[in-house]
Amino acid sequence: MLSSVKTSLSARPAWQLRVLRIVLFTALTALSARLRIELPNNPVPITAQTLIVWLAGMALGPVEGALSQLSYVALIALGAPIDTRGLGAAVLLGPTAGYLLGFIPGAFITGLAWRRRLPLKILAGFGGVLIVHVLGIGGIALAQHIAWTAAVGFDIQFVAVDFGKALLAASLINLGGASWRRWGGIDQPLAH
C-alpha cells in the first residue's frame with residue numbers, strides 16, 4: 001500500500017507535489033489550532049500551531065513554508081473559522097492577529113535552514129520564534145489598546161514554550177528529513 005502511494009506521488013509533476021505539500025501544511029496548521037491551552041488573564045492561548053509553522057518552514061523550505069502559512073491566513077481572512085477560537089476573519093482584528101500574520105515570515109525564516117545541519121535549524125527556528133513574537137506583541141498592543149511593555153507581559157508567559165517547539169521541530173526534521181524528501185519526491189524547494 002505504502003509503495004503504491006509513493007509510486008503515485010512520484011508519478012505526479014513536481015508542481016503538483018509542491019502544491020500538495022503546501023496544502024498538507026495549511027491543513028495541519030488549521031488542525032493544530034484546535035490544540036490549545038487557555039492561560040488565565042491572557043488573551044492569547046498556547047496552541048500547537050507554531051510547531052507546525054516551524055515544521056512547515058524546515059520541511060518545505062522558505063518559500064513553500066511561507067506559502068502554506070499565507071494560505072492558512074488567507075483562508076481565515078476569507079471567513080473560514082479555522083483559527084483557534086473559530087472566529088474566522090474577525091480574529092484578524094483581535095489580540096492573536098499579530099501572531100497569525102507572523103506565521104508567514106516565521107515559516108520563511110525557519111525555512112532558511114532547509115537541508116542544513118541541526119544547529120542551523122535550531123538557530124533559524126529561534127529566528128522564526130522571535131519574528132512571530134515581535135509581531136504578536138504588536139498585535140496584542142493594538143487590539144487591547146495597551147502599551148508594548150504590557151503586551152510583552154502577556155507574551156512572556158508562553159515564549160519559552162515556542163522556543164521549545166522550535167527545538168522539537170528542528171530535531172524532528174533532522175531525524176526524518178531524508179525520509180520526507182524521499183516520500184515527497186522532491187529534493188529542492190521552490191526557487192527563492
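The values are calculated or read from the model by the stated rules, or taken from the named source; none is laboratory data. Remember, it's a predicted structure, so these values are computed and weren't measured experimentally. Cβ placement follows ideal geometry from the backbone for every residue including glycine, while neighbour counts extend to all protein chains displayed. These accessible areas exclude ligands, DNA and RNA; they are computed on the full protein's heavy atoms, side chains included. Shrake-Rupley method; radii C 1.70, N 1.55, O 1.52, S 1.80 Å.
Looking only at helices (runs of 4 or more DSSP H) that fall completely inside segment 1-110, which ones have 2 or more residues that are more than 23 Å from A170 (Cα to Cα) and at pLDDT 95 or above?
62-77
Looking only at residues that are open to solvent by 10 Å² or more (accessible area, probe 1.4 Å) and small (G, A, S) in segment 178-192, which one is modelled with the lowest pLDDT?
A191
Can you tell me which residue in segment 111-120 is least open to solvent (accessible area, probe 1.4 Å), limited to those that are outside any helix (DSSP H, G or I) and at pLDDT below 95?
Taking segment 111-120 as the starting set, the residues that turn out to be outside any helix (DSSP H, G or I) are 112-117.
Subsequent filtering for residues that are at pLDDT below 95 retains 113-117.
On the way: A113: 3, W114: 28, R115: 107, R116: 122, R117: 191 Å².
If we take residues in segment 111-120 being outside any helix (DSSP H, G or I) and at pLDDT below 95, then A113 is least open to solvent (accessible area, probe 1.4 Å).
Could you give every pair whose Cβ atoms fall below 7 Å, whose first residue belongs to segment 12-37 and is over 15 Å from S71 (Cβ atoms) and of a type in the set (A, V, I, L, M), and whose second residue is open to solvent by less than 100 Å² (accessible area, probe 1.4 Å) and in a helix (DSSP H, G or I), counting only separations of at least 6 or pairs across chains?
L17/L9; L17/G184
Would you check which residues across segment 121-133 are open to solvent by 80 Å² or more (accessible area, probe 1.4 Å) and either under 23 Å from A150 (Cα atoms) or modelled with pLDDT under 95 (or both) and list them?
As a first pass, look at segment 121-133 and keep what is open to solvent by 80 Å² or more (accessible area, probe 1.4 Å): 123, 130.
Matches in segment 121-133: L130 only.
Checking the conditions here, which among D162, D155 is surrounded by 15 or more Cβ atoms within 10 Å (Cβ to Cβ), at pLDDT 95 or above and more than 16 Å from I122 (Cβ to Cβ)? Spell out the reasoning first.
Numbers: D162 fails: more than 16 Å from I122 (Cβ to Cβ).
After applying the criteria, what remains is D155.
If I146 satisfies every condition in (1) farther than 19 Å from R36 by Cα; (2) assigned to a helix (DSSP H, G or I); (3) at pLDDT 95 or above but one, which is the exception?
Looking at each condition in turn, I146 falls short on (2).
V44 is checked against (1) under 20 Å from I22 (Cα atoms); (2) crowded, with 19+ Cβ neighbours inside 10 Å and fails just one. What number does that condition carry?
Failing condition for V44: (1).
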